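One structure below.
Quick note: the coordinates plus some simple rules give every number you see, no bench work behind them. Here the structure is a predicted model, which is why all the values come from computation and not from measurement. So basically every Cβ, Gly included, is an ideal-geometry build from the backbone, and we count neighbours across all protein chains shown.
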DNA sequence: ATGTCGCAGAGACTGCGA
């Protein structure tokens with residue numbers, strides 16, 4: 001079974017990319033962030049034709065918005081963080097049945113935070129604290145759990161094209177990295193780091209300054225798996241292919257491969 | 001230091017968020 005995450009930076013603008021990518025990569029679940037559309041505009045028909053008959057969407061106008069596209073039925077859909085009031089649509093969770101039992105999938109568009117010291121950074125910290133409590137509660141109920149999405153955190157120096165020059169700037173601060181480690185401390189594993197990866201592997205590149213062409217990127221899109229799921233993980237990789245297409249999202253998809261049966 | 005996007009509400013560009 002394959003599960004992917006992709007910040008599409010507007011599903012309206014990127015629907016052709018999603019259809020082209022899923023045609024070549026028919027993953028079982030595709031978790032999207034930054035839909036930038038309301039639920040009444042969600043393209044259910046086009047996605048059903050692409051094989052995703054079971055979509056759970058949580059959108060809003062202009063900003064944010066997340067969705068889980070699935071080839072299999074979804075159960076127990078939850079929107080946003082239980083116990084944390086939020087005006088933004090940033091989290092959607094659902095359960096999918098697999099050959100080795102149910103898997104809980106939590107898809108998040110984490111707060112960007114703009115700049116350390118800003119109000120938006122304070123919101124990012126509060127949001128991360130709220131998310132952690134919610135993930136902990138979900139983990140208590142779901143042994144096999146995936147937390148994935150656009151974390152807007154580069155966890156380590158090797159996840160940034162310029163760790164020295166960008167030290168303690170947004171995505172790189174000690175506080176953000178401590179939040180990331182606190183999520184791992186709940187019993188989650190960064191599936192990407194379970195495997196050998198190319199040097200300078202990133203998932204996001206700025207549209208400006210030829211960021212992609214110069215590989216000036218960050219690894220901020222992650223797939224964390226619970227200990228109960230870890231033995232079944234076969235692979236995790238970034239697919240840079242759609243970042244090279246015309247009018248791309250600034251993010252590339254990350255794909256997790258989980259063994260069937262087991 | 002921002003040379004890029006996408007969106008909204010205007011008003012044929014500007015501001016915002018990333």
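Considering only alpha-carbon pairs that sit under 8 angstrom and 6 or more positions apart, the relative contact order computed for the range A:2-258 is 18 percent. If both residues of a DSSP beta bridge must be in the range A:2-258, then about 80% of such bridges are antiparallel. Full extension of the chain segment joining residue A:115 with residue A:156 gains 12.9 nm, where the gain is 0.36 nm per residue of separation less the Cα-Cα distance. Given their separation in residues at 0.36 nm each and the Cα-Cα distance between them, residue A:97 and residue A:178 gain 25.9 nm when the chain is fully extended. Computed from the C-beta positions of residue A:194 and residue A:136 and an R0 of 22 Å, the FRET efficiency is 0.50 to the nearest 0.05. Report summary: the helix-based calculation at 222 nm, which adds -39500 (n - 2.57) for every DSSP H run with n ≥ 4 and divides by the residues of chain A, gives -6500 deg cm²/dmol. Taking R0 as 35 Å, what FRET efficiency do you get between residue A:72 and residue A:246 from their Cβ-Cβ distance, rounded to the nearest 0.05? Using R0 = 35 Å, I get an efficiency of 0.65. Shown is the FRET efficiency for residue A:126 and residue A:167, computed with R0 = 25 Å from the Cβ-Cβ distance and rounded to the nearest 0.05: 0.60. Compared with the direct C-alpha span, the chain from residue A:62 to residue A:210 gains 50.7 nm at full extension, assuming 0.36 nm per residue. Working ranking of peptides A:179-188, A:75-84, A:148-157, A:58-67 by packing, defined as the average number of other Cβ atoms within 10 Å per residue, highest first, is A:148-157, A:58-67, A:179-188, A:75-84. Working ranking of peptides A:121-132, A:189-200 by packing, defined as the average number of other Cβ atoms within 10 Å per residue, highest first, is A:121-132, A:189-200.
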